[in-house]
Amino acid sequence: MTAPALLEILDALRAGVDPRTGETFTRTESCLREPVVRRALNQLIRSIAKPEPAASAEIPEKVIQSACTALRELGYSPCVTQLAKIFIGSRSIADRSLKGLLAYNKYRGCYTRQQIHNQLMEFHRQYPEVLLEFPEKHQRTVHEPWLEVDFFRTKEFDQMDEAKEAELKAAVRALGLRKQDDRIPAYMAQARLNYPRAYEPWGRDEQALLIEAMCYTNSLDRLAPLFGRTARSVERMGQRLIFESKGG
């Protein structure tokens, strides 16, 4: 018997109708109006009518692309398992910098890890150069003590007016790009649709501009668009510059 056919029978019983004849049961000859029976019928109907859980999550490709970009800027080669852990906010993640990603814990309670994994596998099959299936062997981990710098985590200040912002933006634009768009892999070109300077090495001139900008604001929401990079990229470079300026 199919689920729709069974539901039709249960709905008839819940309405006090004999599904075989279409006749209505009288109160005296039927137990269908007893509270315990009606609760059991309602529960059974809900369990049968409950839709099947989605085979995969529905995470926008833009979010996956952005998370992969942020992971590469942290020195990782993003893979399906790692990104699934980040989206679900897994407690097994030891690197605190990963917990600072916008994608961290973003879909806990929305989807199961298996649903997220299924969608990420579909994304991997479409863009294998962006998201690996398995982690690279012997991936090097680097100790970065400047990540402890809390400049961007203290109380926000913003004294940058529109004129200064326009001046700095023009100076950043004048730096140009060493990695030209026609000579970079597809995943880099895709990232630059949202972050024009993604994967561009931080040169001394751009670092100097960042130091100047940080004198006016510690708001990553303003600094990231100004430099055409992800907030995480700007934050890490800013932390490093502050750390090194103190003789670290």
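For this structure, a couple of remarks:
- Over region 69-153, relative contact order from alpha-carbon pairs under 8 Å, at least 6 apart, %: 36 percent
- Note on region 162-245: along the principal axes its Cα atoms extend 35, 29, 21 Å, ordered by decreasing extent.
- Reported to the nearest whole Å, the Cα centre-to-centre distance from region 166-240 to region 78-120 is 26.
- Springs join every pair of Cα atoms under 10 Å in this Gaussian network model of the chain, and among Glu200, Glu162, Glu133 the largest mean-square fluctuation is at Glu162.
- Lys-Lys pairs in the chain that are eight or more residues apart or on separate chains and whose Cα atoms lie under 28 Å of each other come to 24.
- Each peptide in 70-81, 117-128, 222-233 was scored by the mean count of other Cβ atoms within 10 Å over its residues; highest first, the order is 222-233, 70-81, 117-128.
- Sequence-distant contacts, meaning Cα pairs under 8 Å at least 6 residues apart, place the relative contact order of the chain at 17 percent.
Computed from the coordinates by the stated procedures, all read-outs in this text should not be read as laboratory data. Quick caveat: nothing in here was measured; it's all calculated off a predicted structure. A quick note on method: Cβ atoms are made from the backbone with ideal geometry, for glycine too, and the neighbour counts reach across all protein chains shown.
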